[in-house]
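Q: Dumping the structure here so I can ask a few things about it.
Since every read-out is calculated from the coordinates, none of them should be taken as a lab result. Computed from a predicted structure; not experimentally measured. So basically every Cβ, Gly included, is an ideal-geometry build from the backbone, and we count neighbours across all protein chains shown.
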Amino acid sequence: MNKYPVQLQNGTAVITGAANGIGLEIAKHAHQLNMNLVLADINFDQLLRFKEDLLLTESKTLLLKTDVSQEAEIEHLCIKAYEKFGSVELLCNNAGVSLNRLSWKHSHQDWEWLMNVNLFSVAHGIRYFVPRMLEQGTPAYIVNTASAAGLLSTPGMAAYNASKHAVVTLSETLFQELHSIDAKIHVSVLCPAWVPTQIHLAQRNRPERFGAHQDPSDPVSLQYEDRMSNAVQAGKMSASEIADEVFQAIEKQQFYIIPHRKINSLIEQRHHEITHLQNPKVSVS
Ligand SMILES: NC(=O)c1ccc[n+]([C@@H]2O[C@H](COP(=O)([O-])OP(=O)(O)OC[C@H]3O[C@@H](n4cnc5c(N)ncnc54)[C@H](O)[C@@H]3O)[C@@H](O)[C@H]2O)c1
């Protein structure tokens, strides 16, 4: 019996940032459900290795080298997914990159890189896939990967925080719109805290057109960078556990996916500060 609100078994999953970390584990989980996999990543070699490791077959797999910061590549991803499999049951707008430094040390190109990869990729994913999902007539599910950083405002991550807050509100807006037209498309937003992946080494994937990565030179930014790197590597929930949470949430049609429940008190504190007009409590790094 199908326990999901969409036909995942034998359906099609499109996952961006599928070559590593959370995206890779979502892809493994989808594979266990016998889904067709459309895997998109800027790192094509790593996608190929994944395909070989899991003995994925040609007929059930489509690997696409995709730079999600480019609208045309998301359009291409959508066209190719529908061309090969005819419908998409699960879209995970997951690819993301991070950067740590003081707000005023982010360059214009830093902002463009983070906003294009973390936010515009999700906006374009919605722009291209939702109309096709509405047309396909069968239910579909969209999971947008935001972050705990989309619910809080940790210092040292201005562009990351801004991009992830935007993904949360974009997802909330989409949720309401789809409900208002009775669409058979469900949405969730994934907001994990620290997960041991390679996110702290995101500069490895910085496309040239956003300029070369510059290491921060001031001591405070360096401290922020170290703090994030240590926190990611010490993350208590694995990417595989995060993927499990995603599929449990799909089953329950649960919109907010917040695997690290410990951040609840911080979310409540922020909301308390807002509603009581209190100044933000300063985090100690
Ligand atoms: N790891 C964490 O602590 C954490 C916490 C909260 C949210 N997240 C979010 O989870 C998502 C996945 O990150 P992760 O932790 O698995 O990191 P990761 O670096 O291990 O994996 C990210 C994947 O995205 C790909 N990618 C990067 N830029 C791309 C681009 N321009 N086009 C296509 N693919 C690109 C990378 O090649 C990589 O395979 C991101 O959106 C991240 O912001 C991560």
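Q: About the Cα centre of segment 12-275, how large is the charge dipole given +1 on each Lys and Arg Cβ and -1 on each Asp and Glu Cβ? Please answer in debye to the nearest 20.
A: Result for segment 12-275 is approximately 220 debye, rounded to the nearest 20.
Q: Given labels modelled 7 Å from the Cα in the Cβ direction, how far is it in nm from residue 231 to residue 107?
A: Distance between label points: 2.5 nm.
Q: Based on DSSP H runs of at least 4 residues, each adding -39500 (n - 2.57), what is the mean residue ellipticity at 222 nm of the chain after dividing by all its residues, to the nearest 500 deg cm²/dmol?
A: Computed ellipticity for the chain at 222 nm equals -14000 deg cm²/dmol.
Q: Simple spin-label model, 7 Å along Cα-to-Cβ: residue 213 to residue 261 in nm?
A: Going by the 7 Å Cα→Cβ label model, 3.6 nm.
Q: Now a separate question. Which ³J(HN,Hα) values in Hz, rounded to whole numbers, follow from the phi angles of segment 235-251 under the Karplus curve 6.51 cos²θ - 1.76 cosθ + 1.60, where θ = phi - 60° and Gly and Pro get x?
A: x, 7, 9, 7, 4, 5, 5, 5, 4, 4, 4, 4, 6, 5, 5, 4, 4
Q: A further question on this structure: How long is segment 1-116 along each principal axis, judged by its Cα atoms, biggest number first, in Å?
A: Over segment 1-116, Cα extents along the principal axes are 53, 30, 26 Å.
Q: Hey, another quick one. May I ask you to sort 128, 141 by Cβ crowding, counting other Cβ atoms within 10 Å and putting the fewest first?
A: Ascending Cβ contact count within 10 Å gives the list 128, 141.
Q: Turning to a different aspect of this structure: Residues with amide H under 5 Å of residue 91's amide H, sequence separation 5 or more or different chain, H placed in the peptide plane at 1.01 Å from N; which?
A: When sequence neighbours closer than 5 places are left aside, the close amide H contacts are 14, 141, 142, 143.
Q: Next question. Residue by residue through segment 191-205, which ³J(HN,Hα) values in whole Hz follow from phi under the Karplus form 6.51 cos²θ - 1.76 cosθ + 1.60 (θ = phi - 60°), with glycine and proline marked x?
A: Using θ = phi - 60°, the values come out as 10, x, 8, 6, 10, x, 10, 10, 4, 6, 10, 4, 4, 4, 10 Hz.
Q: Please give, to one decimal in nm, the separation of the simple spin-label points placed at residue 65 and residue 132, each 7 Å out from Cα toward the Cβ.
A: 2.1 nm
Q: Mind checking the full-extension length gain between residue 251 and residue 220? Use 0.36 nm per residue of separation minus the Cα-Cα distance, one decimal, nm.
A: Additional length available on full extension: 6.9 nm.
Q: Can you tell me how much longer the chain between residue 184 and residue 80 gets when fully stretched, taken as 0.36 nm per residue apart minus their C-alpha distance, in nm with one decimal?
A: Gain in length upon complete extension: 35.2 nm.
Q: Among 257, 131, 62, whose Cα lies farthest out toward the positive end of the dipole of segment 12-275, if unit charges sit on the beta carbon of Lys, Arg (+1) and Asp, Glu (-1)?
A: 257
Q: Hand me the tally of lysine pairs in the chain: alpha carbons under 18 angstrom apart, and the pair either on different chains or 8 or more positions apart.
A: 15
Q: Follow-up question, since we're still on this one. So for the chain, averaging the separation of alpha carbon pairs under 8 Å that are six or more residues apart and normalising by length, what relative contact order in percent results?
A: On the way: 505 pairs, mean separation 55.9, N = 285.
This gives 20 percent for the chain.
Q: Please list, in order along segment 36-49, the HN-Hα scalar couplings obtained from phi with the Karplus expression 6.51 cos²θ - 1.76 cosθ + 1.60 (θ = phi - 60°), rounded to whole Hz, x for Gly and Pro.
A: So the J values, rounded to whole Hz, are 6, 10, 10, 10, 10, 6, 6, 9, 6, 4, 5, 5, 4, 4.
Q: Using the 2.2 N^0.38 Å rule of thumb for compact globular proteins, work out how the chain stacks up: its C-alpha Rg over that value, please.
A: 0.98
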